[in-house]
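Everything below concerns the one structure shown next.
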Amino acid sequence: MENTSRPPFGRPVAACLPSSDASQRHTPPMPDKWALLRDLTIGAEAFGLGHRTLSVLKALLTFWPERELPGEPDGAIVFPSNRVLSERLSGMPESTLRRHLAKLVEIGIVSRHDSPNRKRYARGQSGVIGIAFGFDLSPLARHAEEFASAAALVTAQRERISVLRAKLGMLRHRLTEAGAPDELIDAARLMLRRRASEQDLASLVTRLEAAIPAPEPITPTAQPITEATRMSASAARNERHIQETDKTISDSESAPSSDAALTNSAGSAERVTAITVPMITEACREYRAFFPDQPRGWHDVVSISQKLAPMLGIDPPVLQEAQRIMGHERAAATVLCLLERANEIRKPGAYLRRLTQVARKGSFSVGAMLSAASRRARVPAFA
């Protein structure tokens, strides 16, 4: 007697065998229409497509109800009229619309499935579309691999160009510090300001790398360990750290500590003359056209010079290098003196870079520039 209270153990042998039905076989997934549009947008230049043509293609894709796009010929036909397409494209003129549709057909991204009278429509059969006339989007799915490959190539090229631009900026900064010719530095600056090709960027990077002087080898020397440099042997986790700070910008006009700290960096030419804020405001007067308020201290003078530097065409790396070598106060005074002679100096940025190189050798005096500017200010202007 058979027990019917539970099903028999196990499954039939036929259920374990692979099915021979064609509907059960694995079929590759259809590509996503928006992924296709994204790849095609990235690699648009390779196919000669503009953003207006891509907008028309996007509008056509919105008429396909499914997200997946079949690749069978005549398997993805949409049939909107030009008027409906124009409305979906925010009122694009029909003459412009027809031109972009012809471009899509010419490239082979879209194909036409025309009716005898070239009208776009569909005829139903048993509740489904039996036949349709319009634009066939199936070529998009058939060329999915080409679009993905073009997008990958464009993305890789963009990454290489980004690396080359970053390397070019780094080399330009190093050449500025090394005092290289202005031609190379200006060429790098102009190249970074425009949309250059990968070949042009690589060529200029090679030129700049060849112009950078080789670093001098540094031989390490052993220093004797003294009581002052020996670390304590205590097991304390934290020890007191003593650090001396050098404040290079002072709000006082005399700033004796700042002048003393900058004597070594500015060289022996600055050891005699002490620069004060009244000395600068008396010798330099052109800045008042932009900043009429009287500076209250060194902080205001430095702030004014940092705002005037871009007006004179002085790049931030050049100003930062001048501040590092001369000090913030003397660099600010130099910028104000350059403004006094803006009509005479053709390239203030290159001029300041040269003054920074002279200051690095210790033979530059800001006091002499202020004295000359003061003498020019006292000369009466003839009518």
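Structure above, values below:
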quantity	calculated
Condition broken by TRP64, with the remaining ones in (1) surrounded by 14 or more Cβ atoms within 10 Å (Cβ to Cβ); (2) touching a Ser or Thr at 6+ places or on another chain (Cβ under 9 Å) satisfied	(2)
Candidate set: the range 338-367, residues that are among the aliphatic types (A, V, I, L, M) and without any contact (Cβ under 8 Å) to a residue 24 or more places away in the chain; chosen: the one most open to solvent (accessible area, probe 1.4 Å)	VAL358
Residues that are closer than 16 Å to HIS328 by Cα and either of a type in the set (Ser, Thr, Tyr) or surrounded by 14 or more Cβ atoms within 10 Å (Cβ to Cβ) (or both), drawn from the range 281-307	PRO295, GLY297, TRP298, HIS299, ASP300, VAL301, VAL302, SER303, ILE304, SER305, GLN306
Every residue from the range 153-180 that is open to solvent by 60 Å² or more (accessible area, probe 1.4 Å) and without any contact (Cβ under 8 Å) to a residue 12 or more places away in the chain	ARG158, GLU159, SER162, VAL163, ALA166, MET170
In the range 308-332, the residues that are surrounded by 17 or more Cβ atoms within 10 Å (Cβ to Cβ) and farther than 22 Å from LEU168 by Cα	LEU308, ALA309, LEU312, GLN323, ILE325, MET326, GLY327, HIS328, GLU329, ARG330, ALA331, ALA332
Index of the failed condition, VAL335 passing every other in (1) farther than 25 Å from ARG375 by Cβ; (2) open to solvent by less than 10 Å² (accessible area, probe 1.4 Å)	(1)
Top-ranked residue of the range 110-149 - restricted to ones that are touching a Pro at 6+ places or on another chain (Cβ under 6 Å) and either among the hydrophobic types (A, V, I, L, M, F, W, C) or at pLDDT 90 or above (or both), ranked as surrounded by the most Cβ atoms within 10 Å (Cβ to Cβ)	ALA141
Every pair of residues 6+ apart whose Cβ atoms lie under 8 Å, when the first sits in the range 94-123 and is closer than 14 Å to PHE79 by Cα and acidic (Asp, Glu) while the second is open to solvent by less than 60 Å² (accessible area, probe 1.4 Å) and modelled with pLDDT of 70 or more	ASP114/PHE133
Any pair with Cβ under 9 angstrom, 6 or more apart, that starts in the range 299-318 at a residue that is over 18 Å from ALA350 (Cα atoms) and ends at one that is small (Gly, Ala, Ser) and open to solvent by 10 Å² or more (accessible area, probe 1.4 Å)	HIS299/SER250
Of all residues making up the range 181-209, the number that are assigned to a loop (DSSP other than H, G, I, E, B) and either open to solvent by 70 Å² or more (accessible area, probe 1.4 Å) or basic (Lys, Arg) (or both)	3
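The values are calculated or read from the model by the stated rules, or taken from the named source; none is laboratory data. Because the structure is a prediction, the values reported are computed rather than measured. Neighbour counts are summed over all protein chains in view; Cβ atoms, including those assigned to glycine, are modelled from backbone coordinates with ideal geometry. Surface areas here come from the heavy atoms of the whole protein model, side chains and all, with no ligands, DNA or RNA. Shrake-Rupley method; radii C 1.70, N 1.55, O 1.52, S 1.80 Å.
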